Every structure is written in structure tokens, then in C-alpha cells.
Amino acid sequence: MKKINLLVVCTGAVVGLAALLLTALGNPGNMGFCIACFLRDISGALGLHSAAKVQYVRPEIIGLVLGSAVMALATGEFKARAGSAPALRFLLGGIVMVGALAFLGCPLRMVLRLGGGDVTAIAGLAGFVVGILVGVACLKKGFSLGRAYKVKKAEGFVLPGIMVGLILLLLVAPGLLKFSQEGPGASHAFWAAALCAGLICGAMAQRSRLCMAGGIRDTVLFRDFHLLSGFIAIFVVVLVGNLLRGTFQPGLAVQPVAHHDYLWSFLGMAAAGWGSILLGGCPLRQLILAGEGNGDSAVTVLGMIVGAALSHNFGMAGNADAMTDGVLTPGGVGISGRIGVVICLLLLAGISFANLHKEEKV
């Protein structure tokens, strides 16, 4: 257990350092890594949504998947498997994305925001924990999406292959993609640095099984803190790094790419946490599993990309606070986003109930 804890803590520390480095190299504030935001940017770069400020193929995502794949192949842990309710997983991936984008960040970015002094992220953390507790209650009642089965190896290479195609498009045929000229999508580190950071973090996350949803789940179910220790390490490293760099800005107002619509941040991340437990892992973990050959996780990631497109096409994503000439323009979650989050919570309740294990009558 000590070795496992050390590996998870080291992985968290490396992810935290990578996030600090990527932010210093050009990524938006408190967004060195964000699975939800970066998948949204990729969705925009492919033309799946038309929000001009969030369009860019993020090499970090590509690196996470390929780093996981390389490590899994090197250690003999690459196993092509699929068949565990793929349609429901696609839907759940979209639900998690709608909730996360209402909050403006995945669980990983939530920790980075807290480490940067963004007090507004506490509402998201509270909602995420509550959503996980609801998901854990479903697990205790027998929730299951069924088992996955061994499939042909080519199935396991689908998402890694898509990621190779994306990096080739970015480097060889960028004219086929859309690029933001302003906003978060226009703020990014040099592609090679972003890709390397993703590869390293992806490889380490594959070995350590880093997952925030899983960490809180295991803490509740088994009093096992080892996965959660990785995210504590991320928070500590980012906090110390921001303090040393002078970029720690504690407060509520005008945090980088954030808003203070606390209720809908809470509910959005509650949906993300609940959905993550039903899926068996947070968005970061889904990328890592897809790199290992898990076709169901690959379907989940594709669902997240489509969910990001729907969030922006239907105005469900949160809007960040803005300060112009000393005047605060509050952001938040609009009526479309609120309706979307409520629908997602209702869908989660329906999926949870429909997939509870029922003992057969003798």
C-alpha cells in the first residue's frame, strides 16, 4: 500500500507541476489541465460548435491518451475490451460534460482553481462530493452497467488512433481546423510542450490509476484514501507554486474563466460527480482507460465531445465573469444551462433506477 500511495502522490505532484508549467507557458489561468474545457476546445476546432472563443486542438488531451496507451503496451496492460452498455456510457459522457461546463471545469480543474485561490470553486467541490455520495448510494443498491468483454485488439486502438489523427491535423493540415483568435481557446502553451506534458502525465496516471471520483468513492466505501491522496498532492503543489510565483489570488470576484453562480456550480458538479461514479471514473480516468484499450471509455470520451458541442450550441455552458474598465459583468449559468442541468439530473436518476440489480424470484 505504501508503494501504491507513493506512486499516486508522485503522479499528483507531476500533474500539479505540469499544470503550473503549462499555465506559465500560455494556458489560461488556473487551467493548466482541464479535461472538460480541453475536450470542448477540440469539439470547437472540429467545427462541432461555433463558439469562436473556445476552439483549439489541445495537445494535452492527445498526450494523455497516447501516454496511457504507450505505458499500457509497455507493461502488458493494454487490453481491448468493450460491450458494457456503450449507448448509456455515451449518454453519461454527455451528461458529465454538460454539468462540468456549467461549472466551467472538470474535477481536475476544480482542484487547480482552488489551488489558485478561486473560492468560487468550493461550491463545485461541494456539489461534486454530493453527486458522488448519491452515486455511491446507487452502487450500494446494486447499480451496474454490466461487464465488458474481450474484443479484437483493433477496437482498443480506436481512440488512440483518433488522437494521432488530431495531432497530424494540427501540425500538417491546420487549415482544416478552427482556431480561436481571442478568449480561452486562443491562450495555449506551445504544442510540443503541451503534448510532452500530456504524455508524461498520461503514462503516470495509467500506472497509478489516478481518479478523483474514484478517490472520494473509495474513501466513502472502504476508508481507502490512496487515490484521493493524488488530488491532495495536486492541490498542495499548485498552491505552493502559485504562492511562490505570486499568482495566488484568493477571492470571489473575477477569477480566471470562472463565475460565482454558486447554486448552479453546485448542481452542475453534482451531475458530473454522479455521472462519474456510474461510469466508474472521472473524465481524466476515462481518457486513461481509453488509452489502455477500453472501448467503452472511448465511447464515453466521444460522448463528452458531443456533450460539449451541445452545451455551446444550446447555450448551456456557463459564462465567465468579466471586468471591463473597472466594471464587473457577472457571468453564470443562463436559463438554458439551468434547464440542461436539471434534465441531466433527471436522466441520471432514471439511468440509476433502470440499472439497479434486481434479484430474480425463485
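The values are calculated or read from the model by the stated rules, or taken from the named source; none is laboratory data. Worth saying up front: this structure is predicted, and the values here are computed from it rather than measured. No Cβ is skipped: glycine too gets one built from the backbone with ideal geometry, and neighbour counts run over all protein chains shown. Only protein heavy atoms, including side chains, enter the accessible area calculation; ligands, DNA and RNA are left aside. Shrake-Rupley method; radii C 1.70, N 1.55, O 1.52, S 1.80 Å.
For (1) β-branched (Val, Ile, Thr); (2) open to solvent by less than 10 Å² (accessible area, probe 1.4 Å); (3) farther than 27 Å from Gly117 by Cβ; (4) over 17 Å from the mean Cα position of the chain (by Cα), each residue gets a yes or a no:
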site	(1), (2), (3), (4)
Gly230	no, yes, no, no
Asp261	no, no, no, yes
Gly281	no, yes, yes, no
Ala290	no, yes, yes, no
The stretch 326-341: number of residues that are on the phi < 0 side of the Ramachandran plot and touching a residue at least 60 places away in the same chain (Cβ under 8 Å): 8
Filter pass, Gly161 being surrounded by fewer than 17 Cβ atoms within 10 Å (Cβ to Cβ), within 22 Å of the chain's Cα centre (by Cα) and without any contact (Cβ under 8 Å) to a residue 12 or more places away in the chain: yes
Every residue from the stretch 223-256 that is part of a loop (DSSP other than H, G, I, E, B), within 23 Å of Ala213 (Cα to Cα) and not acidic (Asp, Glu): Arg223, Phe225
Evaluation of Val236 against (1) open to solvent by 20 Å² or more (accessible area, probe 1.4 Å); (2) closer than 24 Å to Leu25 by Cα; (3) at pLDDT below 95 (one fails), failing number: (3)
Helices (runs of 4 or more DSSP H) lying entirely in the stretch 44-138 (those with 1 or more residues that are among the small types (Gly, Ala, Ser), open to solvent by 10 Å² or more (accessible area, probe 1.4 Å) and modelled with pLDDT of 95 or more): 59-75, 86-103
Subset of the stretch 24-43 that is among the polar types (S, T, N, Q) and in a loop (DSSP other than H, G, I, E, B) - its residue that is farthest from Leu177 (Cα to Cα): Asn30
Subset of the stretch 197-226 (residues that are open to solvent by less than 20 Å² (accessible area, probe 1.4 Å) and of a type in the set (Asp, Glu)): Asp218
Test result for Leu21, open to solvent by 20 Å² or more (accessible area, probe 1.4 Å), outside any loop (DSSP other than H, G, I, E, B) and under 18 Å from Ala205 (Cβ atoms): yes
Output for the stretch 24-34, where each listed residue is surrounded by fewer than 24 Cβ atoms within 10 Å (Cβ to Cβ) and at positive phi: Gly26
Residues that are among the hydrophobic types (A, V, I, L, M, F, W, C) and under 15 Å from the mean Cα position of the chain (by Cα), drawn from the stretch 110-120: Met110, Val111, Leu112
Failed item in (1) without any contact (Cβ under 8 Å) to a residue 60 or more places away in the chain; (2) in contact with a Lys or Arg (Cβ under 7 Å, 6 or more places away or on another chain), with Met31 passing the rest: (1)
Of the criteria (1) modelled with pLDDT of 95 or more; (2) under 25 Å from Leu169 (Cα atoms), which one Thr11 fails: (2)
Any chance Asp261 is without any contact (Cβ under 8 Å) to a residue 60 or more places away in the chain and among the acidic types (Asp, Glu): no
Scope the stretch 164-195; condition surrounded by fewer than 12 Cβ atoms within 10 Å (Cβ to Cβ) and either closer than 26 Å to Arg89 by Cβ or among the aromatic types (Phe, Trp, Tyr) (or both); matching residues: Gly165
